[in-house]
Structures are given as C-alpha cells and as structure tokens.
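Here the structure is laid out as structure tokens; the discussion comes afterwards.
Since every read-out is calculated from the coordinates, none of them should be taken as a lab result. Please read these numbers as outputs of a predicted model, since none were measured by experiment. No Cβ is skipped: glycine too gets one built from the backbone with ideal geometry, and neighbour counts run over all protein chains shown.
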C-alpha cells in the first residue's frame, strides 16, 4: 500500500511537471499571443462541407471564409492577423458630423455642457447601435482588407462558421487560435461554391 501511494505521488508529480513545461512554452501575454506561430499540423482543419440552401445564400454577407491559392499557412495567418488588427482598431466615432457642430454645441452649452452632451450622445448611440454596428464594421473591414491582399471569399453555413469564427470581443489566446484555424482554411484546398467577390 505504501509503495502504491508513493508510485501514485510520483505519477502525479510527473503529470504536473509536464503541464508546467507546456504552460511555460505557451505565450503568456497578449503581445506574445499576437506573435505566436503555431505548427500548422497542430491546428485542426474545420469542417466546411455542407448542402447549400437559399437561407445559407442570404447570409453570406455575414458567414464566409477566405481563400487564396498557393498561399502557405504562415502567410495566411499573418494576413488574417493584419486585417483583424486593423478591423478591431475601429473607434466608436465622433457622433457630431463635423467640427463646426462641435463648436456650436460648445458655444450653446458651454465647454463642459458641450463635452458632457457629446459623451451622453455617444453613450446613447453605443447602447442603441453599438455592438451590431461594430460587428458590421469589422466584417466590412475584414472583407476589404483580405480582398486587397488577394483572397477570395466563399459562403459558409452559419453553424460551421461559428465553430471557428468570432464577432465580439474575446480573450487574445482564443482569438489567435481561431485565426489560426481560419488560416488553415485560407491556405488549404479551394472551398466549395462560387467566389462571392468583395
């Protein structure tokens, strides 16, 4: 019994040591995750095959994948990261259309009142349109960026798309793992269906 307990303790220590070594090799900060280059063989290729319906076609403005022939995984991941960083750098925007409107508000309500009014208006616009508008802007910017880098766009069924894509804010490790799966697709065999263009 004493030997069995000792053997079990040694086995647990060995498992903990392996886990600690694996954790040490993983990126630790967001910046490290953004520069992380996984081995392509370690990244699962997502399922892409489906029978297209009219409902699928009507959603291709939201649910799509990118592909470029003769592109290696590392290049595709670099391109996706570049476009993702650009798309997520969007600002919520100035809700006054021009500086003269801001100046008018400042004169009418004073510098504090004008600034507070602008903040309240911005917060209200974010609450009403914020998340949906930001998702739409990200999609448009990703499409434009990848298009200008030479990638074609192909429609995908929503359930398949959600398995390896994202729209809202997520933690950096998960974001980079999903971008790596998207890179497998972008550098892999040509997807089914017709190219959708920009």
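Could you tell me what a quarter of the Cα convex hull surface of the stretch 132-198 works out to, in nm² with one decimal place?
With every direction weighted equally, the projected area is 4.9 nm².
Would you mind classifying the stretch 34-91 by shape? Square roots of the alpha carbon gyration tensor eigenvalues, ordered a ≥ b ≥ c; an a/c under 1.5 is rounded, otherwise it is prolate if a/b is larger than b/c and oblate if not.
Oblate, since a/c reaches 1.5 and b/c is not below a/b.
Give me the distance in nm between label points sitting 7 Å out from Cα along the Cα-to-Cβ direction at residue 167 and residue 25, one decimal.
It works out to 3.7 nm between the two label points.
Using the count of nearby Cβ atoms within 10 Å as a rough guide to exposure, how do 39, 56 rank from fewest to most?
In increasing order of surrounding Cβ atoms, one gets 39, 56.
Post the alpha-carbon centroid distance, the stretch 135-189 to the stretch 39-56, in whole angstrom.
12
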